[in-house]
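Some notes on the structure that comes next.
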Amino acid sequence: MNQLYTVWGEAIDPDNVLQEYPRPQMVRDSYINLNGYWEYAIEKIGARNVQEKFPNISDGKILVPFSPETALSGVNRQLKPKEYLWYQRHFHYENNGERVLLHFGAVDQCCTLYINHKAAATHMGGYLPFDCDITRFLYPGDNTITLRVTDESDESYHSRGKQKLERGGMFYTAQSGIWQTVWAELAPQNHITRIELNAEDNPYMLRGTVHTRNQHSCDVTISLYEPKVYLKADEKPGAYF
């Protein structure tokens with residue numbers, strides 16, 4: 001059986017993978033894309049002495065954000081239940097007084113994040129993004145990101161869509177690990193964490209709530225833009241798109 005690729009898969013550049021900013025809101029100029037080659041290892045759970053917290057992550061390189069089951073990842077191997085999938089990469093950090101936020105677009109299915117071998121966050125569920133303020137774990141100079149992933153696929157209660165360990169019929173090969181963009185960004189000590197926009201009963205009113213890291217007042221600037229009007233020859237003003 002021959003491996004099929006799209007024109008985009010054939011033209012993939014490992015040094016320039018999905019570089020666009022992945023979130024439409026709160027775009028920050030300090031955006032750092034962490035897609036590309038990471039070190040990886042797959043091992044049986046319980047294969048090592050419990051005193052050994054981390055394995056030798058040396059099975060090779062995996063191209064993030066493609067799951068190990070895909071050809072584009074360079075691994076082309078299925079993660080089984082009762083196995084750990086480990087990711088690791090290094091990055092340079094200089095303390096400039098700002099917070100460092102690390103984002104994962106999606107990791108299937110459950111994972112633990114370590115920064116410099118210290119547990120920083122855990123996440124369950126393969127479809128939702130998560131982030132972590134990793135500032136307190138960092139040292140000036142070289143730092144290490146390690147991610148430990150498990151995926152029980154159809155042997156657990158987690159949402160999995162049409163994934164199944166044994167594909168067939170309407171079910172397709174289960175995917176695991178990082179499958180969306182990984183990125184980091186710098187933010188001020190007090191920064192916006194979330195924005196909520198809710199429509200009011202008045203059709204001309206929109207209520208916005210800006211959530212910040214610290215609970216004290218701060219200045220927020222809101223810019224409004226007039227909608228453009230596109231008319232056909234036989235239409236009257238009022239058609240907005």
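The values are calculated or read from the model by the stated rules, or taken from the named source; none is laboratory data. Since the model is a prediction, treat every value here as computed from it, not as a measurement. Ideal geometry is used to build each Cβ from the backbone, glycine not excepted, and the neighbour counts take in all protein chains shown. SASA here: full protein model, heavy atoms, side chains in, ligands and nucleic acids out. Shrake-Rupley method; radii C 1.70, N 1.55, O 1.52, S 1.80 Å.
Within the accessible area of the chain, what % is carbon and sulfur when the probe is 1.4 Å and the other protein chains stay in place? It would help to have the intermediate numbers written out before the result.
Numbers: 7970 of 15590 Å².
Carbon and sulfur: 51 percent of the exposed surface of the chain.
For the chain, the relative contact order works out to 19 percent when only alpha carbon pairs closer than 8 Å and six or more residues apart are counted. For the chain, the residue among Leu165, Tyr21, Phe104 whose Cα projects farthest onto the positive side of the dipole built from Cβ charges is Leu165. Based on Cα contacts under 8 Å between residues 6+ apart, region 101-161 shows a relative contact order of 41 percent. A simple charge model with +1 on the Cβ of Lys and Arg, -1 on the Cβ of Asp and Glu and nothing else charged puts the dipole of the chain at about 500 debye relative to its Cα centre.
Number of Lys pairs in region 44-185 with C-alpha atoms less than 23 angstrom apart, excluding same-chain neighbours closer than eight positions? Pairs that pass both the separation and distance tests number 18. Only the Cβ atoms of Lys and Arg (+1) and of Asp and Glu (-1) were treated as charged; on that basis the dipole of region 81-126 about its Cα centre amounts to roughly 100 debye. Residue ranges 12-20, 209-217, 59-67, 187-195 sort as 59-67, 187-195, 12-20, 209-217 when ordered by packing (mean number of other C-beta atoms within 10 Å per residue, highest first).
For the listed peptides 197-207, 22-32, a ranking on the average number of other beta carbons within 10 Å per residue, highest first, reads 22-32, 197-207. Per residue, how many Å² of accessible area does region 1-77 show with a 1.4 Å probe? Dividing the accessible area of region 1-77 by its residue count gives 67 Å².
3J(HN,Hα) along region 21-34: 5, x, 10, x, 9, 6, 5, 10, 5, 7, 3, 10, 7, 10 Hz, from the Karplus curve 6.51 cos²θ - 1.76 cosθ + 1.60 with θ = phi - 60°, whole Hz, x for Gly and Pro. Modelled this way, with points 7 Å down the Cα-to-C-beta line, the labels at Phe54 and Glu226 are 5.7 nm from one another. In order along region 103-114, the Karplus-derived 3J(HN,Hα) couplings, from 6.51 cos²θ - 1.76 cosθ + 1.60 at θ = phi - 60°, round to 10, 10, x, 5, 9, 9, 10, 10, 8, 10, 9, 10 Hz, and Gly and Pro are given as x.
Sites listed here are chymotrypsin sites (Phe, Trp or Tyr not before Pro) in region 140-187 whose DSSP assignment is loop and whose Cβ has at most 15 other Cβ atoms within 10 Å: Tyr157.
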